[in-house]
Amino acid sequence: MQHDLATSTDISSSFTELPNKQLVANLPFAGLSAGADYLLHIEAQSYNGETLEKEIPFSLAENGVAEKQVDLALLGDETENGQGRAANEVLIDESGSDPSGVTFPTGGLITATGTADVPSMTFAKTDRDEADNLTDDLPTDGALSSDIYTLGLENAGLSEKGFNLTLGFDPDADWTELAAYMFNPQTQEWELVEGVQTIDPTAGTIQLNVTELNAGGQGSALRPRAARAAAANGGMKASFDGRTHWIRANATSGSGQFAVLSVPAATVTGTSYTGTAFQVFNFPNPFRLSAKAVPITHGGGTTTLNTTGTVIKFEVPSTVGTGRVVIRIYSLAGELVRELDEGDKAGGFYYYTTWDGKNKDGKDVAAGVYYGVISMPGVNVKDARFKLAVVK
């Protein structure tokens, strides 16, 4: 589409330069008309004298979208600039209204061999209301607590270090129910990003390390479902088996769509239990405080549970009547660490719940041994105890 620049309004004077040399323009809503479509045309001159052009459509009716070409961050330069931010750290919004960003540590990337193509990366944000093709794939009872962030990488592969991702979440979200997820175009599902996820309730952020992206480069953001599924084969992934780091060297482009989801922890009522003894235990055990998907065997239609801690399974014989179940976690010194109210449960079923490894103040517990006690009418206390071991 051709646009007549002669009839456009010059807003060059609206730009101000930030200390980091970036330019920011603030356009008052009062100067825009409802129902009108606008186009921001930008021309800039590169260091070699080449003229670069970029056009950005916008209107009052559209939700916010952000996109950044951040190739310099791929160099992994950790020296700080005048704002105290490293050169390999990029924020999606320099104004500070969105704390989301990405950092590439030194050695996080492996450049493609046998090609002259230069590695490049884009980091983009799409308003959740503009991503209807992804919001119907949320986990059961799950809800988006952030916008959707897409990172596209070209002509490079991820090492085992990967990159560090910071995602901002809604200020009114219950942070005890939050975790970072990545959309899998092959399964058409949002999947928990495994590994350590650090939540900062004060800053409103989740920080995590990413070592895997889906196949397909920078153009794969928020494509239709059929197109996303078709591009799902392969992928960019680095892994470590305890002895050797394995890197898929031929995966030279990838993208990932990330978001913070609120998924309330819920007790899973599994299949019928025909045993005569009450039993309770947790798995994995010992366990680390890191995000993980734990397979379960008697969950009926539920096959995995996501947690940053451990899964607690209790088996209730049919001779036990319906009653309220409360799980209490204690330190070895007898201090109450956490109480989990599971509500009323009937006898004759397997049950699963999770403990995220946090105390009653919402902080991660220290490494060590803890013990749990289930309180339920008709269950002997000596049969309702189990030990939990947290390792770092």
Study note, to complete from the structure: Residue by residue through the stretch 318-333, the couplings from Karplus 6.51 cos²θ - 1.76 cosθ + 1.60 with θ = phi - 60°, in Hz, x for Gly and Pro, are 5, 6, 8, x, 5, x, 6, 10, 10, 9, 10, 9, 10, 7, 5, 7
Review point. Measuring from label point to label point, each 7 Å out along Cα→Cβ, what is the Asp361 to Glu191 span in nm?
Key: 3.7
Practice item. With a point put 7 Å past each Cα toward its Cβ, work out how far Ser290 is from Ala36 in nm, to one decimal. Key: 5.4
Review point. So between Glu335 and Asn26, what do we pick up on full extension, going 0.36 nm a residue minus the alpha carbon distance?
Key: 105.8 nm
Practice item. State whether the stretch 268-391 is rounded, prolate or oblate according to the following rule on the C-alpha gyration tensor (a ≥ b ≥ c being the square roots of its eigenvalues): a/c under 1.5 gives rounded; otherwise a/b larger than b/c gives prolate, and the remaining case gives oblate. Key: oblate
Check your understanding: Based on the Cβ-Cβ distance from Ala277 to Arg324, what FRET efficiency comes out when R0 is 22 Å, to the nearest 0.05?
Key -> 0.60
Review point. Arranged from highest to lowest average of other beta-carbon atoms within 10 Å per residue, in what order do the peptides 190-197, 360-367 appear?
Key: 190-197, 360-367
Check your understanding: For the pair Asp172 and Gln45, what calculated FRET efficiency results from E = 1/(1 + (r/R0)^6), where r is the Cβ-Cβ distance and R0 = 56 Å, to the nearest 0.05?
Key -> 0.80
Practice item. Sticking with the crude label model, points 7 Å out along Cα→Cβ, report the distance from Thr303 to Ile56 in nm, one decimal please. Key: 4.3
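We did not get these values from a lab; they are worked out from the coordinates using the rules stated. In this text, all values refer to a predicted model and were calculated from it rather than measured experimentally. In this analysis, Cβ positions are derived from the backbone assuming ideal geometry, glycine residues included, and neighbour counts consider all displayed protein chains.
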